Structures are given as structure tokens and as C-alpha cells.
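Just so you know, all these numbers are worked out from the coordinates, no wet-lab data involved. Just so it is clear, the structure is predicted and the values come from calculations on it, not from any experiment. We place every Cβ from the backbone using ideal geometry, glycine too, and count neighbours over all the protein chains shown.
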Amino acid sequence: MEIVILPDSAAIGSLGADAITNLLQRKPHAVLGLATGSSPLAIYDELTARCSTGTVSFANASGFTLDEYVGLPADHPESYRNVINKDFVSRVDFVPGAVHGPDGRAEDIPAACAAYEAAIAAAGGVDLQILGIGTDGHIGFNEPGSSLASRTRIKTLTTQTRIDNARFFDGDLDAVPTHCLTQGLATILAARHVVLVAIGSGKAEAVHHLVEGAVSALWPATILQHHPHVTVLLDSAAASRLQLADYYRETYRAKPAWQGI
Ligand code: GLP
């Protein structure tokens, strides 16, 4: 796991955007794993700026989102399909239909989950997965207790996650769905490169477990310790509970620029 501690979200956005720009330059048909949430926004903003100047293009790329609430109407502004469209997809040059998400309105949920796994496989698998992390250590919506070998399926959201996300539903906890569909931990682990972003002190405990804790279903993100190519982009607040923070800083400082992330 490569740990990069940066001064602010603009620096995180720039480095995260570099990883995607470099990928698309060598593989224009790359498959991107897209995350919703506030953490990746700086990356999306930077990619939007680069796309508008022609530095990067998504015209041949495709994408798969991580998760979706169950039961929200198709036009609900907080459905993750609409959120990712607003925050990123509609701002760059993806062709219509190039970005897919799990169907949270399907009548046959297990069939929809299996179809989503099949679609990712048919696309050749995810080349680069962008991730945030929940305060309880979830990735996607793989809440504590998730099977470390899980695939796309329905999950019950924890009360903590629903409280965290109530801010997007006018602070109304009852309006936050109780269930979601999410790529599983094994699905996420199959991506070729994972770039996880965490910003702010609220994420410090989860980041500590992710990087330095024991691998455990209690902190689902810890499964990423088993992945051969994970880059963790942090601000100082999110890195504040890392025991080896000085070592990570020295390592990154000494890294030759040509290596990229
Ligand atoms: C949600 C999403 C996750 C996201 C997490 C953190 O629960 N399902 O994919 O990583 O929130 O969100 P934020 O980046 O806004 O803190």
C-alpha cells in the first residue's frame, strides 16, 4: 500500500487526476470504477478541467459505480446514478450509456446483482477504482461484518452510515434508505489499481485501521491490505492517527517523480 500525505484536497485532486490521466493516455478504453461521496470530488473537478482543455478524454472509456440505494425513484437527486452524473459523468465526454450502476429498483435483486458482476467482467474488469471510506471503515457500502469474499449484493445500512448520509436528505434520517446494492469486497479487490481518498479528522480512525490495523470484517477496508496496488491519498487530518506517518512522508518524498502513482 502506498500512503501519500498531501497538504490539501487540491493536491489530492491533482495526484488522483494524474493517475487517471496517465491510465487513459496509455489505455483510452480503460474501465474506471467510480465512487460517489465528497472525497473524490477534487479528483473529478480536476479531471473536468483537464477534459475541457483536451488533456484527457473519456470518449472511449467506460465506468462502473460502486453502489446504489435501494428503492429511490429514478429521478431522485440522491440516487447515486444521478449523483455521479451531476458530479462527474455529465461534466466530461463519456459517451451516453458508458457509465453503469447497480439497479436499486430491480424487482429481482439477486439477478440484478449477478448481471452487474457479469457486466464488469464482460468489460474486461476495472482498471482503476476510485474509493472513499466511511467513518466506520466501509468501502462502497460494505458495512462492518461484510464478508471479505463478497460480491455485488444487497446490504442493510448501519444507523451510523444513515446518520452520516442524512445531510444529503435535508437532515431527515427517516428519508435515508435502509438498504443498498453494493459491489462486494472481492469485486473491489479485483480492480487492477485502487486509489482511496480520505479527507478530514473524521476519517482518521478508519484510515488507521485501513493502513495499520488487523485485517478484519469489522473494518472492511482492511481487506485492501491484500491488494497488490493500492494508493491511499490523505490530508494531514485523515493521516493524524497513523503510527508510521513520518515514514510514509519520507518514502513519498524520496520517490522519483517518473514513477507516478
Ligand atoms: C458513502 C458511499 C461510499 C463513500 C462514503 C464516504 O457511504 N457509499 O462509497 O466512500 O460514503 O463518503 P464521503 O466521501 O462523502 O465521506
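Results, tabulated for the structure shown:
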| read-out | value |
| --- | --- |
| Reach of Lys86 by Cα under 27 Å, taken over lysines that are not fewer than 8 positions away in the same chain | Lys27, Lys155, Lys203 |
| Sequence ranges 12-22, 191-201, ranked by mean other-Cβ count within 10 angstrom, highest first | 191-201, 12-22 |
| Cα-based Rg / Dmax (Å) for region 74-184 | 14.5, 40 |
| Burial ranking of peptide ranges 208-215, 239-246 (average Cβ count within 10 Å, highest at the top) | 208-215, 239-246 |
| Contact order normalised by residue count of region 122-261, Cα under 8 Å, 6+ apart, percent | 29 |
| Peptides 157-170, 63-76 ordered by average Cβ neighbours within 10 Å, highest first | 63-76, 157-170 |
| Sequence-separation-based contact order of the chain, relative, with Cα cut under 8 Å and 6+ spacing, percent | 25 |
| Region 99-246: projected area of the alpha-carbon convex hull, averaged over directions, in nm² | 9.2 |
